[in-house]
Amino acid sequence: MKAFTSHTGTAIPLRRSNVDTDQIIPAQYLKRVTRSGFEDGLFNAWRQDPEFVLNQPQYKGATILVAGPDFGTGSSREHAVWALQNYGFEVVLSHRFGDIFRNNSLKAGLLTVILPQEVIEDVWSRIEADSALAVTVDLEAREILFADKKVTFELDDYTRWRLMEGLDDIGLTLRNVESIARYEEKRPSYKVKTLPVRS
Amino acid sequence: MGKTLAEKIWNDHVVHSAAGEPDLLYIDLHLIHEVTSPQAFDGLRLSGRTVRRPDLTLATEDHNTPTIDIDKPIADPISKLQVDTLRKNAAEFGIRLHSLGDIEQGIVHVVGPQLGITQPGMTIVCGDSHTSTHGAFGALAFGIGTSEVEHVLATQTLPQAKPKMMAVNVEGTLRKGVTSKDIILALIAKIGTGGGQGYVIEYRGSAMRALSMEARMTICNMSIEAGARAGLIAPDQTTFDYIKGRSHAPEGEEWNRAVEYWKSLYSDSDATFDVQVDLDANSLSPFVTWGTNPGQGAPLDSIIPAPSDFAEEGARNAAERALEYMGLQAHTPLKSVKIDTVFLGSCTNGRIEDLRAAAEVIKGRKVASGVRMLVVPGSARVRQQAQAEGLNKVFLDAGAEWREAGCSMCLGMNPDQLKPGERSASTSNRNFEGRQGKGGRTHLVSPLVAAATAVRGTLSSPDDLEG
């Protein structure tokens, strides 16, 4: 995973609430067996509409998605995170995220930042007035900077550290492999096993 | 201080705990399917890792699989590649796989319980948000993404931040024709799709105790639609009776030891929940969705709301968008909505009791002309059982299609899809835009409402049918 310290880019307003992961990437696009190439499926149904915000030329190249509340609800598909990353997004701002989507994003290195809805509204109106407005997301300081504003956000120390170091979660867990083995020795014998197959 | 059921299970699975870090939880069962696993296996190969516990892992093919001509190769080459990839990965890493055509194949959340592999007190994960289904057994079960699938394959553990606890108390007795699907749809309409976010929901109360295991699974299944990653119900005699004798149930002295542990799995009387929600079972009636998220629902005998009925701006805008997408007029009766397709199936309502309930309504009647009804059992075993009971004949005589097992039209990854503008009454779990096919419109319903709707061609309950 790429380390994330701070990111500055332009932002795009997605003024919709309850954007579920089926909208982010429809099921028909989930058949690939790789982690790349999902950008074509991103918001596929909505992109058929020339008015849709992703089709507006002034937001081309934006790397920060500013979404309505309850972004990423529904299905656990991590493909939704990959589609956003494959398209070029580094950060998503929203008042509230679906739990599994949020978890997936922070595992895969897409920074999802929770902000009060008033801040989201403020960013929306400013980037709608000036699509070239630079927005900085500083993970180290846990701050968003845009225009003359500075807003702090919360993220637990552990996740922040992991993202800033770009650490592989599995590698971290395997440091505790002896604890895992000890736990396994104590598991009761009635605990179910899938093998051998019983019928 | 007392502990909640979820806290007890959590504490029993902590492998490693340190201040400022998420707890490392042991995972008792990892379920796998073809869609969210290929990149995880690739990750293992890239880093030279292996599967730590193939004997705690189980794979099925369900999302992509066709529900007709299953003896022929899968026609869609991309679906075929994904299924073939799972077969190759399962063989390479020594994982038990139930493939298309196998009697144990089916939707992963139907297969676990029917094999007796889903048991109380377990931690269960799967790269699928409806893993919460298994919570019906008093297990802590939740959906994970592909990065986490790889993590569980490699370590049989997951680092997890402790969730908050929500109690949903459902007291009273359901009226005839009202099902567990109506309970969960009414709950989601009440608390919203974000209402359960960050929580594990424990469903409690006399109405829960009275439900069968399969009805409980329907409720826990849709916890994620309320935003909660997991939902569970304390195990009781109903649970133990359901498990006993299944192929992977403990036997002999092991059974006694297991039950002794399972009986300790309940929330202590002095346990604290972060939030409590009450629902009155006596006052519930059949419930349907009118919008494009599962929280946009209403009693079947009411009218479609208008955006102006919602005080909050976000909800108003969402309702306006939803009505436009759904092609519906505000303030028209829900029972006047005409349906093209009825889908009976999915991990929510594709079990034998669901098929029995729908068959009883449709028996001796006909599917309305111009309506297509698809009956897709949740697993090959459910299908076999239904055929043994003659349910397939009931559906076929009514003019419905009797299909092979799989996820099918719940998400339309296989050819079972709605066409643009088509409208379904569906026993599945999500009414998102385009979920059942691009431009398709979905109303979520119970199996009873699905069957009555198939007969009348408009959203209906069995009470609306003559004689």
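Quick rundown of the values:
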| read-out | value |
| --- | --- |
| Shape call, segment B:47-139: gyration tensor on alpha carbons, a/c limit 1.5 | oblate |
| Whole-Hz couplings from phi, Karplus 6.51/-1.76/1.60, listed for segment B:127-135; x for Gly and Pro | x, 6, 5, 8, 4, 4, 3, 5, x |
| log₁₀ of I(q)/I(0) at q = 0.14, 0.15, 0.16, 0.17 Å⁻¹ - segment A:92-147, Debye sum with one point per alpha carbon | -0.42, -0.48, -0.54, -0.61 |
| For segment B:409-450 and segment B:209-234, distance of Cα centres in Å | 21 |
| Average projection area in nm² (convex hull over Cα atoms of segment B:243-378, one quarter of hull surface) | 13.9 |
| Förster radius 22 Å - calculated FRET efficiency between A:K150 and B:R316 (Cβ-Cβ, nearest 0.05) | 0.10 |
| Fully extended contour minus Cα-Cα distance, from B:T50 to B:K363, at 0.36 nm per residue | 107.5 nm |
| Beta bridges per DSSP with both ends in the protein assembly as shown, % antiparallel, nearest 5 | 30 |
| Per-selection Kirkwood Rh - segment B:1-104 (Cα, Å, 1 d.p.) | 16.2 |
| For segment B:172-199 versus segment B:6-65, the gap between their alpha-carbon centres in whole angstrom | 29 |
| Taking the C-alpha atoms of chain B, convex hull volume expressed per residue in Å³ | 152 |
| Qualifying GluC sites (Glu not before Pro) in segment B:229-283, DSSP loop, other Cβ atoms within 10 Å at most 15 | B:E251 |
| Trypsin sites (Lys or Arg not before Pro) lying in DSSP loop within segment A:22-106, provided at most 14 other Cβ fall within 10 Å | A:K60 |
| Calculated FRET efficiency for the pair B:A330/A:A45, C-beta based, R₀ 30 Å, to 0.05 | 0.80 |
| 19 Å cut-off, amide nitrogen to a point 7 angstrom out along B:D464 Cα→Cβ, residues in segment B:419-447 | B:422-428, B:441-447 |
| Kyte-Doolittle mean at least -1.0, axial Cα span of 24 Å or more - DSSP H helices of chain A | none |
| For segment B:162-175, 3J(HN,Hα) per residue [Karplus equation, 6.51 cos²θ - 1.76 cosθ + 1.60, θ = phi - 60°, Hz, x = Gly/Pro] | 5, x, 7, 10, 10, 9, 10, 9, 10, 10, x, 10, 6, 6 |
| Span per principal axis, largest first, for the Cα atoms of segment B:169-253 (Å) | 45, 32, 18 |
| Segment B:370-467: proportion of alpha-carbon pairs further apart than 21 angstrom, % | 33 |
| Coarse-grained scattering of segment A:5-120 at q = 0.16, 0.20 Å⁻¹, given as base-10 log I(q)/I(0) from a Debye sum over alpha-carbon atoms | -0.68, -1.11 |
| Rounded to 5, percent antiparallel among DSSP beta bridges of segment B:291-403 | 10 |
| The protein assembly as shown: C-alpha pair distances exceeding 50 Å, % | 7 |
| C-alpha center-to-center spacing [segment A:113-164, segment A:1-52] in angstrom | 19 |
| Per-selection Rg to Rh, segment A:10-65 - Cα, Kirkwood hydrodynamic radius | 0.97 |
| Tensor-based shape of segment B:222-271 (alpha-carbon gyration tensor, a/c under 1.5 rounded, otherwise prolate or oblate) | oblate |
| Amide proton proximity set for A:F153, modelled H, under 5 Å, gap of 5+ | A:E143, A:I144 |
| Whole-Å semi-axes of segment B:303-451's equivalent ellipsoid (Cα gyration tensor) | 30, 16, 13 |
| Amide H within-cut-off set for B:A230, under 5 Å, with H built and near neighbours excluded | B:I201 |
| Within segment A:1-93, GluC sites (Glu not before Pro) in DSSP loop having at most 14 other beta-carbon neighbours inside 10 Å | A:E51 |
| B:K176/B:K338 FRET efficiency (R0 25 Å; Cβ-Cβ; nearest 0.05) | 0.45 |
| Helix-derived mean residue ellipticity, 222 nm - over chain B, DSSP H n ≥ 4, -39500 (n - 2.57), to 500 | -9000 deg cm²/dmol |
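Rule-based calculations on the coordinates, nothing more; no lab input. Keep in mind it's a predicted model, so treat the numbers as computed, not measured. Cβ sites come from the backbone with ideal geometry, for glycine too, and all protein chains shown count toward neighbours.
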